[in-house]
1. Restricting attention to segment 185-229, which residues are within 20 Å of ALA297 (Cβ to Cβ) and either out of contact with any helix residue (DSSP H, G or I) (no Cβ under 6 Å at 6 or more places or on another chain) or not in a helix (DSSP H, G or I) (or both)?
2. Identify, by number, the condition in (1) buried (at least 18 other Cβ atoms within 10 Å of the Cβ); (2) in a loop (DSSP other than H, G, I, E, B) that ASP301 doesn't meet.
3. Could you give every pair whose Cβ atoms fall below 9 Å, whose first residue belongs to segment 5-17 and is closer than 19 Å to VAL322 by Cα, and whose second residue is open to solvent by 40 Å² or more (accessible area, probe 1.4 Å) and part of a helix (DSSP H, G or I), counting only separations of at least 6 or pairs across chains?
4. How many residues does segment 75-84 hold that are part of a helix (DSSP H, G or I) and touching a helix residue (DSSP H, G or I) at 6+ places or on another chain (Cβ under 6 Å)?
5. Condition first: of a type in the set (S, T, N, Q) and within 20 Å of ARG165 (Cβ to Cβ). Can you find one or more residues in segment 128-137 that meet it?
6. Only residues that are over 25 Å from ALA5 (Cα atoms) and within 21 Å of the chain's Cα centre (by Cα): list them for segment 206-249, please.
7. Looking only at segment 96-111, count how many residues are part of a loop (DSSP other than H, G, I, E, B) and either surrounded by 24 or more Cβ atoms within 10 Å (Cβ to Cβ) or without any contact (Cβ under 8 Å) to a residue 40 or more places away in the chain (or both).
8. Examine segment 47-55 for a residue that is open to solvent by 20 Å² or more (accessible area, probe 1.4 Å), farther than 23 Å from GLY321 by Cβ and without any contact (Cβ under 8 Å) to a residue 24 or more places away in the chain, and state whether such a residue exists.
Amino acid sequence: MLAVAKILAIILIGYALKRIGLFGPDNYKVLQKVVLNITLPAAIVSSFATGRHDLGLLWISVFGLICATIPLVTMFVVSRRMPVARRAFLMLNGAGFNVGNFTLPILTTFIGPAAALPAIMFDVGNSIMMSAGNYVTTAALLNIDSSRPLAKQVGSDPRATVVPRATPRSDDPDARRLERRAFARTIVRNFVTSVPFDVYMVMTVLMIAGVKPPMPVADFLAPISSGNTLCSMLMIGMMMDLPGSRRDVADALMILVCRFGFGLLFAFAAWHLLPFDAMTRKAVVFICFAPAGIFSAIFTDKVLGNARLSGFCLTAMGLAGVAAMAVANAVL
């Protein structure tokens, strides 16, 4: 539990240093680039190089992918009458789990080191959505172009539920075909330009092939990967702000209620459906109550231009998640 307290303390330190003026309002973007392109990829490689992976637990990876996908689709459906900016916020922050930085310390404290293996296998599936899938799916379903401010895309209708786009004439098959190709290229480009996603995919393929990164590589990356938690959580604190309006409060409550509700649903499914021993199922139950990962805040900032409420939701869900995991540990 001390490790989790340290993680939450780093977030609060980042927020406090921003409030007193040591960090400027846009300084987090430097850390954002460091995390996405340096420390997080190094941490991924180090995890695959030093951690043990059991292909017999691949069903947990599939379960992790499902758990990271269902809330995203659900948020898209239930928010269909909301303005596109709110829909994007709910979709990006309602799905995915922070396994590496947040859940692993709790698992090893409550259950023991053996619980790290199912957590790693869960994260193989979860990372597909967290590192790129949530962002790509949200942008595609809502017609968002992250290269331009969302306000300019919506134009004169701020209550539009999706970004309007010109559609080719129905009697012009060539134009429709070109539009589909352009749409497909955009999706592929958004996936492959995510460095963490590329690293996750390469490491997963190597894992399935039974190949581990050489230990000299892991040793070289160790000091870089060890800084990932500090940089990530400090970045979240620098991005965070308290809810500033009733709508902010409503959105934050909706995220917390939905994530906790899905956590209960997924935890029940994990305990009763996964064909593994009690320790493994208990570890997956814990993960179901984890907060969103750092990608939620990063992609929220990329789409909406700020992630002030995203960081607050991550911190609040982190506190609630610790309490839920403590209860689960006492019950199971």
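1. Selection gives THR193, SER194, GLY227.
2. Unmet for ASP301, out of (1) buried (at least 18 other Cβ atoms within 10 Å of the Cβ); (2) in a loop (DSSP other than H, G, I, E, B): (2).
3. LYS6/THR229; ILE7/THR229; LEU8/LEU319; ILE10/THR229; ILE10/LEU230
4. Within segment 75-84, the first condition is being part of a helix (DSSP H, G or I), and the residues that meet it are 75-78, 84.
Filter once more, keeping what is touching a helix residue (DSSP H, G or I) at 6+ places or on another chain (Cβ under 6 Å): 75-76, 84.
Total satisfying the criteria: 3.
5. So the first thing to find is which residues in segment 128-137 are of a type in the set (S, T, N, Q), and the list is 131, 134, 137.
Filter again for within 20 Å of ARG165 (Cβ to Cβ), leaving 137.
Yes; the residues of segment 128-137 include at least one that is of a type in the set (S, T, N, Q) and within 20 Å of ARG165 (Cβ to Cβ).
6. Across segment 206-249, the qualifying residue is only ASP248.
7. In the first step, residues of segment 96-111 are kept if they are part of a loop (DSSP other than H, G, I, E, B); the result is 96-98, 111.
If we keep only those that are either surrounded by 24 or more Cβ atoms within 10 Å (Cβ to Cβ) or without any contact (Cβ under 8 Å) to a residue 40 or more places away in the chain (or both) too, we end up with 96-98.
Qualifying residue count for the region: 3.
8. No, the conditions are met nowhere in segment 47-55.
The values are calculated or read from the model by the stated rules, or taken from the named source; none is laboratory data. Quick caveat: nothing in here was measured; it's all calculated off a predicted structure. Don't worry about glycine lacking a Cβ; one is built from the backbone with ideal geometry, like all the others, and counts go over all protein chains shown. When the accessible area is computed, the model is the full protein with side chains, heavy atoms only, and any ligands, DNA or RNA have been set aside. Shrake-Rupley method; radii C 1.70, N 1.55, O 1.52, S 1.80 Å.
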